[in-house]
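The values are calculated or read from the model by the stated rules, or taken from the named source; none is laboratory data. This is a predicted model, so every value here is computed, not measured. With ideal geometry, Cβ positions are generated from the backbone for all residues, glycine too; neighbour counts draw on all protein chains shown.
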Amino acid sequence: MEFFELTEKEYQNYWENHPLKTFLSSIEIGKLRQKRNWNVNYVGIKENNNIYGAAMLLSKKKHLNKYEFYSPRGFLIDYNNKELLDFFTKEIIKYIKNKNGYILRIDPYIINKERDINGDIVENGQDNKMIIEHLNNLGFNKIKTSKNEQVSWMFSLDLAGKTEEQILNEMKPNTRNIIKKVEKNGIRIKELEFNELPVFSDILNKTAKRKDFHPRSIEYYEDMYNLFHHKNEVKYYITELNINEYVEILTKDLAEKQEKLKSKNMKKTRREELEKDIQTIERKIKEAKDIKDKTKSDIITLSGSMFMFIKPEIVYLSSGNYEEYLKFNSQYLLQWEVIKYGLNNGYKKHNFYGIPENINNHPDNYGIYEFKKGFNGYVEELIGEYELPITNYYYLHKLFQKLKEVKYALHL
């Protein structure tokens, strides 16, 4: 077994067929990082010209000409093979030392403990504590979840072997009913071209301001499009409502209910229900006409979402909504359409991606999880992010960080 620098092509071929591959460990993400002043190297271990482990190593110069190294989603290796992992880690340490590195960060795409839909640990389920223990023995230190660079808690839905009818029936009744209602409202889904990405960026910026998070720049979305779209591995969608069609649908529904109300043999409770429905429809028609008058447009944009399509999973990476149009629930329809696409095109998992950590403790932003949970599925907790000290400068750097935090706290 020997340690080598790999060519981009060698790494790509190995990555393509590895069970731990994600978009974050792809060469495209390496190229994205290069645009942001990171260096990219590919390393691996070979025997008889066969690769048995590989990693994309990103590096960036920090203080005193020292380099931070980061391997997004960790090594592509069998973490249960201790001998292999030991050899690879020790060789990577030597490699990083030779490149003046002081730290290596990894965040492996490995489940910690298997959890159910509610975030509770599954009895006798998958448990990778042995991998965690071995990483600790190799010198890796766990980083606090709040400081993780990548998502470590996710919500996913298995697609393999399932039908549209089965998945629809397994959803929460409220989610299923919302999808059916939204389908009737005439909402349309549109995939954006490159020159339309400012529309998506505007939605995310408005959402970020409302929910108090830092949005990505338009350049990020453009770069991701240029890197992944030619292989249909990234797609940006918006949902739109044609006001005229919507009013037409409502008007037809209103007429049908008004006709039913003419019946003389109707029970009182049913009559009251119909009258309430009619009032609701009339209110919606007025609201729709007010929107048209205000926007001076027949078609309004409701929401936007970004998905990664790299088998075996679809990743729901980013999304946003215009606050005034949240009531149209268009994100439910978009998720359902992408789920159906995954079913019909050989994807094994629909990954709704990030949820708050320790979700069963009902933390802040619980509503994000509730939306995703409605589609059924399960919580995935990854083992998290780890850092490996390479040289003693690691400890000096940690001291500098602590002093900086204390200074900042005192300033506050």
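With the requirement that a residue be hydroxyl-bearing (Ser, Thr, Tyr) and surrounded by 14 or more Cβ atoms within 10 Å (Cβ to Cβ), what does region 157-204 give you? Before you say what the answer is, go through the steps one by one.
Taking region 157-204 first, the residues hydroxyl-bearing (Ser, Thr, Tyr) are 163, 175, 201.
Within region 157-204, Thr175, Ser201 meet the criteria.
Number of residues in region 264-291 that are surrounded by fewer than 11 Cβ atoms within 10 Å (Cβ to Cβ) and over 46 Å from the mean Cα position of the chain (by Cα) equals 4.
Name the residues in region 91-100 that are exposed (fewer than 13 other Cβ atoms within 10 Å of the Cβ) and over 15 Å from Tyr393 (Cβ atoms), would you?
So the first thing to find is which residues in region 91-100 are exposed (fewer than 13 other Cβ atoms within 10 Å of the Cβ), and the list is 94, 97-98.
Answer for region 91-100, where residues must be exposed (fewer than 13 other Cβ atoms within 10 Å of the Cβ) and over 15 Å from Tyr393 (Cβ atoms): just Lys94.
Output the residue which, of all residues in region 36-54 that are hydrophobic (A, V, I, L, M, F, W, C) and touching a residue at least 40 places away in the same chain (Cβ under 8 Å), is farthest from Leu135 (Cα to Cα).
First, the residues of region 36-54 that are hydrophobic (A, V, I, L, M, F, W, C): 38, 40, 43, 45, 51, 54.
If we keep only those that are touching a residue at least 40 places away in the same chain (Cβ under 8 Å) too, we end up with 43, 45, 51, 54.
Values: Val43: 19, Ile45: 18, Ile51: 22, Ala54: 17 Å.
Residue satisfying both the conditions and the ranking: Ile51.
In region 329-340 there is at least one residue that is touching an Asp or Glu at 6+ places or on another chain (Cβ under 9 Å) and either closer than 20 Å to Leu197 by Cβ or not assigned by TED's automatic domain parsing to the domain that holds Thr207 (or both). All conditions in (1) of a type in the set (A, V, I, L, M, F, W, C); (2) closer than 29 Å to Val379 by Cβ; (3) in contact with a helix residue (DSSP H, G or I) (Cβ under 6 Å, 6 or more places away or on another chain); (4) touching a residue at least 40 places away in the same chain (Cβ under 8 Å) hold for Phe69, with the sole exception of (2). Cβ-Cβ distances below 7 Å connect the following pairs, each with a first residue in region 300-313 that is in contact (Cβ under 8 Å) with a residue 40 or more places away in the chain, a second residue that is among the acidic types (Asp, Glu), and a separation of six or more residues or different chains: Ile300/Glu240; Thr301/Glu240; Leu302/Glu240; Met308/Glu233; Phe309/Glu233; Ile310/Glu233.
Select, from Ile368, Ile339, Ile310, the only residue that is farther than 20 Å from Glu170 by Cβ and modelled with pLDDT of 95 or more.
Criteria check complete, one pass: Ile310.
Go through region 319-354 and give me each residue that's in contact with a Pro (Cβ under 9 Å, 6 or more places away or on another chain) and either touching a residue at least 60 places away in the same chain (Cβ under 8 Å) or of a type in the set (Val, Ile, Thr) (or both). Listed by number, the residues that qualify are Gly320, Tyr347, Lys348, Lys349. The single condition among (1) farther than 23 Å from Lys373 by Cβ; (2) among the basic types (Lys, Arg); (3) buried (at least 16 other Cβ atoms within 10 Å of the Cβ) that Lys147 does not meet is (3). The residues listed here are Lys21, Lys46, Lys9; of these, the one that is more than 18 Å from Asp78 (Cβ to Cβ) and basic (Lys, Arg) is Lys9.
Annotation: Tyr237 fulfils all but one of (1) touching a residue at least 60 places away in the same chain (Cβ under 8 Å); (2) over 26 Å from the mean Cα position of the chain (by Cα); the unmet one is (2). Screening Thr175 with (1) assigned to a loop (DSSP other than H, G, I, E, B); (2) touching a residue at least 40 places away in the same chain (Cβ under 8 Å); (3) among the polar types (S, T, N, Q) gives one miss only, at (1). Checked against (1) hydrophobic (A, V, I, L, M, F, W, C); (2) surrounded by 14 or more Cβ atoms within 10 Å (Cβ to Cβ); (3) out of contact with any strand residue (DSSP E or B) (no Cβ under 8 Å at 6 or more places or on another chain), Met130 passes all but a single condition, namely (2).
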